[in-house]
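Since the structure comes first, as structure tokens, the remarks are kept for the end.
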Amino acid sequence: MAPQSIISLTDLVKTFPVGNGEFTALNRVNLTIDVGEFTGLVGPSGSGKTTLLNIIGSLDCPTQGEAHVLGKSVSTLTAREAAELRNNHIGFIFQSYNLLPVYTVFENVEFALLLQGIPTAKRRTMVMEALEWVGLTDKEKSKPSQLSGGESQRVAIARAMVKKPAIVLADEPSANLDAANSHHILQTMVKLNEQLKTTFIFATHDEKVMQYLRRIIHLQDGAIVRDETIGEG
Ligand SMILES: Nc1ncnc2c1ncn2[C@@H]1O[C@H](COP(=O)(O)OP(=O)(O)O)[C@@H](O)[C@H]1O
Ligand SMILES: [Mg+2]
């Protein structure tokens with residue numbers, strides 16, 4: 001069966017107003033990502049990785065060109081439609097964890113499911129499974145202020161993956177993780193990718209992450225300069 005594309009970007013341009021002029025953060029990006037890819041955007045700081053992830057995640061619109069995500073054109077979505085797309089189908093792992101400080105670890109992860117109307121008992125099973133993926137079942141009652149940076153990042157990862165979204169977007173997810181936790185979590189992600197065909201897109205320059213990628217898209221000054229498929233073995 002031919003692979004099915006889940007993300008398709010055509011002549012994508014993103015400019016930001018600066019002073020009297022504008023800054024081109026993405027310069028005519030063309031890219032297709034298929035269902036079930038395990039891929040990464042790699043490039044120096046300022047090369048446009050986060051800008052590209054934000055558009056794929058329908059958090060931002062392109063200035064020119066087309067971004068199709070799960071069959072929808074990002075620029076044509078209303079705010080409500082974009083929120084629906086994100087809530088139901090996209091998991092985000094940001095550099096800053098954005099955990100809600102007054103809620104427990106359990107509640108922070110559960111939050112993603114409340115929007116979907118899943119019954120309590122089912123939610124509990126799903127949250128505990130996600131906490132198991134990141135090795136934090138014993139912290140379910142802790143508050144974010146009681147966690148280390150690495151543990152907070154693992155909660156954010158559980159929160160992104162608990163709803164088993166079609167797409168996971170991870171922006172420098174390993175920045176605060178030690179080597180052992182990075183490997184454990186990446187192995188869990190690979191398992192989800194294989195079992196559920198979850199499409200993963202990382203923005204990273206961490207070797208620990210890069211060694212798991214099956215495709216590396218190199219960005220420089222807002223353009224794709226190399227698109228590398230990593231062979232078997
Ligand atoms: N809201 C914004 N306003 C102005 N410039 C921006 C904005 N967001 C990003 N940029 C600029 O766009 C470029 C790409 O940024 P970004 O996508 O964050 O890069 P990366 O994630 O690869 O480090 C940078 O030069 C950054 O300063
Ligand atoms: Mg970035």
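Observations, loosely collected:
- Helix 179-196 vs. the chain, principal-axis angle (Cα, 0 to 90°, nearest 10): 80 degrees
- Comparing 135, 224, 45 along the charge dipole axis of the chain, the residue lying farthest to the positive side is 135, per the Cβ-charge model.
- Long pairs among 122/164; 14/163; 72/191; 164/191; 139/191; 163/197, criterion Cα-Cα beyond 18 Å: 14/163; 72/191; 139/191
- Degrees between helix 149-161 axis and first principal axis of the chain (Cα, 0 to 90, nearest 10): 80 degrees
- When both bridge partners sit in the chain, DSSP labels roughly 60% of those beta bridges antiparallel.
- Angle in degrees between helix 105-114 and the longest Cα principal axis of the chain, rounded to the nearest 10: 60 degrees
- Inverse mean reciprocal Cα-Cα distance (Kirkwood Rh) of the chain, Å: 18.2 Å
- Least to most buried among 161, 128 (fewest other Cβ within 10 Å first): 128, 161
Any read-out appearing in this document is the output of simple, stated calculations on the displayed coordinates, not a laboratory observation. A quick note: this is a predicted structure, and the numbers were derived from the prediction, not measured. Methodologically, a virtual Cβ is constructed for each residue, glycine included, from the backbone with ideal geometry; neighbour enumeration extends over all protein chains shown.
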